[in-house]
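All remarks here apply to the structure that follows.
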Amino acid sequence: MGQQVSREIAASPETVWSVVSDITRMGDWSTETFRCEWDEGQEPGLGATFSGHNRYGDVEWSNQATITEWAPSERLTWEIYLEGRMAEKFGTGPMTRWGFVIEPSGEGTRLVQVTEDMRPDALKELGAKFLPEIADRVKRNYETMEATLSAIAGACEEG
């Protein structure tokens, strides 16, 4: 079962889409992801891949992601995969799914951020050892998702 957080934004679904679909700006509003870039030769759209770079305190890590849903002004979803030795040890399937659902709402938009943690238990345990400060990933996700939606709302409502 996944998590979700929503927020009403005083902007059109098209405006909200233009902000959330620009993966390269994720670092502008996320409290954990500080940079994302499309992989070489990739263009925004279904099946495109990108790298996301995250930070908590002094600890940094990167992830590889693939866009699995790309429905302009409606839905954007990506899945995080492991690579190299981590994939050999824990599997090559998706480990986490993240996304945004955009819904018209009154004179604005309801933006929903969703995530689903699909990591095997052994990888969750390793993550808790790697970053014991955020061993409760569910709680941390809710906190970061609230902050992310607030920043996205600010970006949408300013423009």
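Values quoted throughout were computed directly from the atomic coordinates according to the rules given, and no laboratory measurement underlies them. It should be emphasised that the depicted structure is a prediction, and the values quoted were computed from it without experimental measurement. Using ideal geometry, Cβ is built from the backbone for each residue, glycine included, and neighbour counts are taken over all protein chains shown.
With R₀ fixed at 25 Å, the C-beta to C-beta distance from Arg35 to Glu146 puts the FRET efficiency at about 0.75.
Taking label points 7 Å from Cα along the Cα-to-Cβ direction, Phe90 and Glu125 give a separation of 1.3 nm.
The length gained by stretching the chain between Arg25 and Val112 to full extension, at 0.36 nm per residue less their Cα-Cα distance, is 29.5 nm.
Once backbone amide H atoms are built at 1.01 Å from N, Met118 has Thr96, Arg97 as its partners under 5 Å, excluding neighbours fewer than 5 places away on the same chain. Backbone phi angles across segment 119-125, fed through the Karplus curve with coefficients 6.51, -1.76 and 1.60 (θ = phi - 60°), yield HN-Hα couplings of 5, x, 3, 4, 6, 4, 5 Hz in residue order; Gly and Pro are listed as x.
Whole-Hz Karplus values for segment 78-88 come out as 9, 10, 9, 10, 8, 10, x, 4, 5, 5, 4 Hz, taken residue by residue from phi with 6.51 cos²θ - 1.76 cosθ + 1.60 and θ = phi - 60°; glycine and proline positions read x.
Applying the Karplus relation 6.51 cos²θ - 1.76 cosθ + 1.60 with θ = phi - 60° to segment 50-59 yields 3J(HN,Hα) values of 8, 10, x, 10, 10, 8, 9, x, 8, 9 Hz, where x marks Gly and Pro. Short to long, the 5 Å bins of the Cα pair-distance histogram for segment 1-95 hold 3, 11, 18, 23, 22, 14, 6, 2, 1, 0 percent of all pairs. With both labels modelled 7 Å from their Cα along Cα-to-Cβ, the Ser62 to Ser105 distance reads 3.5 nm. By other beta-carbon atoms within 10 Å, ranking Ile102, Ile134 with the fewest at the front produces Ile134, Ile102. Near the amide H of Tyr56, within less than 5 Å, lie no amide hydrogens of residues on another chain or at least 5 residues away, with H placed in the peptide plane. Eigenvalues of the alpha-carbon gyration tensor of the chain, scaled by 5 and square-rooted, set the equivalent ellipsoid semi-axes at 27, 18, 14 angstrom, largest first. Can you tell me the relative contact order of the chain? Whole percent, Cα pairs under 8 Å, sequence separation 6 or more. Once normalised by length, the contact order is 29 percent. May I ask which residue of Trp17, Val114, Ala128 lies farthest towards the positive end of the charge dipole of segment 3-158, with charges of +1 (Lys, Arg) and -1 (Asp, Glu) on Cβ and the Cα centre as origin? Farthest towards the positive pole: Ala128.
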